[in-house]
Structures are given as structure tokens and as C-alpha cells.
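Below you'll find the structure, written out as C-alpha cells, and then a few comments.
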Amino acid sequence: MTTVLGIESSCDETAAGVVRGDARAGRGEILSNVVFDQMDLHSAYGGVVPEIAARAHAEKLDVAVDQALNEAGIGLAGVDAIAVTVGPGLIGGLISAVACAQGLALGSGKPLVPVNHLEGHALTPRLTDGLAYPYLMLLVSGGHCLFLVVRGPGDHERIGTTIDDAPGEAFDKTAKMLNLGIPGGPKVEAKALGGDAKRFALPRPLMDRPGCDVSFSGLKTAVRMVRDGCIADGGMSEGDVADLCAGFQAATRDVLVGKSKRAMARFREEFAQVSAPGFAVAGGVAANAVLRAGLEEAAQEAGFAFVAPPLSLCTDNGAMIAWAGLERFEAGLSGDMVPKPRFPLAGNPMTGIWSGKRGAKV
Ligand code: KG4
Ligand code: ZN
């Protein structure tokens, strides 16, 4: 059995967790999982302010680590390795976590394991459900949208991604356009309850094109146009907001479910020998109940076991970094400790379709 401390502060959660397990068994025990969010600090600005995030991480990281070790009932001497997110993410937060982990390693003599944040999400279905390699994964968060074939630690094939915005970004921007506050995803989901998803005709971008790539910027523009139309007609009522949120959420679900069907078909072709394939979903947007239901139905139709980790493990946390670190540590995989704002998990993201308007997408 291996015990690993994981540290995560790549966006706006300061997190530390301790996980114990055996990578060959592919299931771990979470001894602790401490997450401090920073919503109060950012809400006045309508989004995450990198400098504020970095300072808050620097203040809270040692508290999170201390609490995680205490709740796990062990000291630093009781861990076999210290795993830390080195990217992708906001540089200030990454530097804070890497410096914290390096200090702990120097003081304790424990080995360091650098972890890609996306691999933390991608390997979570193994921590929670012991899902066997290879499996298909949809990673949907505020910064990412990836269809991955996960073959092992450090061994991922990307078969689809977003060519512009991530779905969480689209949820957040929709919430902003409608003055719903942050975090955008849960606010839009709450408003959509009871809304008429069919009232406004919204696009399902890239559905007519082959492959598993997705796009959300056109959908976002369509939401803005509907909103502006309502305002020009005398203002947005509560009902208009509910209908637009429901319509946007349904369009996002249709795009992700439609592309998931293609990804499952492709996985079947590539891994015909896998008799009971798994389709896992993770990342903050996987917390959306309408999306989850759509994905689960599609998985069942395609004969895939559907794995959706509990919500607390879908959003950013330290246990997922500890688990990815544990798998990498046991496999003897190394990496450097340089913080990386952009850190592709797989594929060749620096060219052509993989480049969004704000740079290469991972
Ligand atoms: O994985 P995550 O915690 O952070 C990273 O982006 O890495 O994901 C956060 C994103 C945000 O864009 C948030 O609005 C979205 O996940 N989100 C949701 C829901 N809960 C969180 N989107 C839709 N529905 C939700 N219930
Ligand atoms: Zn994340």
C-alpha cells in the first residue's frame, strides 16, 4: 500500500488530500480531502482574479496541508510521496503549490511527484470506482473539454477537444450575461429548472461535422443575441431568463452527448477486445444533472458502464492529485517541477484546430 499527500491550487480552490491504495488494484481510500474555495474573494469581480487567487493560495496552502494530514491521522512521516499540481493553471497558484511541496519535501526527505491537473481528473474514476484501463473519458471543466482514451498513467490519447471555449467557460459567460453571479454553472442550472428549453432556437455547433471536436463560442454568441433581443423588446423577465438558461443547457448537453456517442463508437473500433468498456465523466461541468443524465443514457445505449465520480471529486480537489501521484509514483514515472500555465496532457495541441483564440488548448 502506498500513501500519498496531494496538493492542488491551479485555479481557485486551495486543496490538499491524502490517499492510500495500490495502483494495480485501481481503487484507493481517501483518508482526507480538504478544499478551501475562494468564491467570496472573487465574486465582486464576476470571475477569478489571478493575483487575488495566488495570494489566497499562499496564505491557505499550509493550513490545508496541515488539516489534511491531521484528518488522515498521519504526519508527514507517514506518507510515501508528495504529489503536487504543476500545471495547467494560473501561474501564481501553481508557483505557490510547487514552493509549498518543495519545502515539505526538503524538510521530510519524501520524494516529490509532479502531476498534470488534467491527469488528476482523468484518473479519478480509478480512485473512486476502480475502473480498469483502457477507458473513455470526457473531461469537462471551466478551462477544458477533452475526450480521452485513458490507457494508463502518462498514457492518454486525445480524440476530441474544443476548438474555442470550454463548456464551463460558456456556462460562466452565460451566467455573466444574465447577471446571475458566480459560480456560473450552478447558477444557470438552478435558473433552468422549470424553463422551456425549446422556446429559443439555439445552435448545436459542429454537430454536422465528423469527429469528436466541439465548439461553444457560437452558442455563447447566440445566447447574447437572444438576450439583446429580449432587452430590445422591453427587458428580460424571470421567465425569459429561465427559458434561455434551459435552452443553453439543453444545447450544451446535446452537443456533448452527441459527440460522446461518436467517441464511444470510436473506442469500440479501437478496442474491440474490451468486453465491458467504461465511459467516465469528470471536471466541474460533470456536476450538471441534466448533462449527467444525458451522458448516462447514451452510455447505456452504447453498452458502456457509466462512471461519474461524486460531485466533490468532480470539481478540483487534493485527493485526485494524490491518486494520480500515487499511480505515477508506483509506475516510476518522473517529471520536472517547473510550474506550467499550459501543460497538454496528450496530442499535439500547438497547431491548427487545437489553437483557440487565447492560445493553444490542452
Ligand atoms: O473542474 P473545475 O472545478 O475547475 C476547472 O475549471 O478546472 O470546473 C469549474 C467549472 C466552472 O466553469 C463552473 O461553472 C462549472 O465547472 N460547473 C458547472 C456546474 N458546477 C460547476 N457547470 C454546469 N453545471 C453545474 N452544475
Ligand atoms: Zn479542474
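Computed values, structure above
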read-out: Which of T221, T2 has the fewest Cβ neighbours within 10 Å, and the rest in rising order; value: T221, T2
read-out: Exposure proxy order (Cβ contacts within 10 Å, fewest to most) of V35, V281; value: V35, V281
read-out: Residue order, fewest to most surrounding Cβ atoms within 10 angstrom, among D37, D243; value: D37, D243
read-out: Neighbourhood net charge (14 Å Cβ-Cβ; Lys/Arg +1, Asp/Glu -1) for L295; value: +1
read-out: Most mobile of H42, H57, H121 in a GNM of the chain (Cα contacts under 10 Å); value: H42
read-out: Alpha carbon centroid spacing (whole Å) that separates the stretch 189-212 from the stretch 88-104; value: 38 Å
read-out: Largest-first ellipsoid semi-axes for the stretch 1-147, taking √(5λ) over the Cα gyration tensor eigenvalues, angstrom; value: 24, 21, 13
read-out: The chain: angle of helix 238-270 to the longest principal axis, Cα-based, in degrees nearest 10; value: 60 degrees
read-out: Nearest-ten-degree value, helix 318-331 long axis tilted from longest Cα axis of the chain; value: 60 degrees
read-out: The stretch 37-66 and the stretch 262-317: distance between their alpha carbon centers, rounded to Å; value: 31 Å
read-out: Computed lengthening from A99 to D336, 0.36 nm per intervening residue step minus Cα-Cα distance; value: 84.0 nm
read-out: Pairs from K60/K220; K176/K259; K173/K198; K187/K261; K220/K261 whose Cα-Cα separation, in the structure shown, is over 25 Å; value: K60/K220; K176/K259; K187/K261
read-out: Most mobile listed residue (A83, A242, A101) in the chain, GNM with C-alpha springs under 10 Å; value: A242
read-out: Rounded Å value of the spacing that divides the Cα centres of the stretch 150-175 and the stretch 228-246; value: 29 Å
read-out: Most fluctuating residue given options I95, I74, I159, as computed from a GNM of the chain linking Cα atoms under 10 Å; value: I74
read-out: Residues E270 and E301, FRET efficiency given R0 of 22 Å [Cβ-Cβ distance, rounded to 0.05]; value: 0.70
read-out: Length-normalised contact order for the chain - Cα pairs under 8 Å, 6+ apart - percent; value: 24 percent
read-out: Angstrom value of the Kirkwood radius, inverse mean 1/r, which spans all Cα pairs in the stretch 135-307; value: 16.5 Å
read-out: Relative contact order for the stretch 175-222, counting Cα pairs under 8 Å that sit 6 or more residues apart, in percent; value: 23 percent
read-out: Environment charge at A72 (Cβ cut-off 15 Å; Lys +1, Arg +1, Asp -1, Glu -1); value: -2
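The numbers here are math on the coordinates, done by the rules we state, and not lab data. All of these numbers come straight from a predicted model, not from anything done at the bench. Here Cβ is always computed from backbone atoms with ideal geometry, including for glycine, and neighbour counts include all displayed protein chains.
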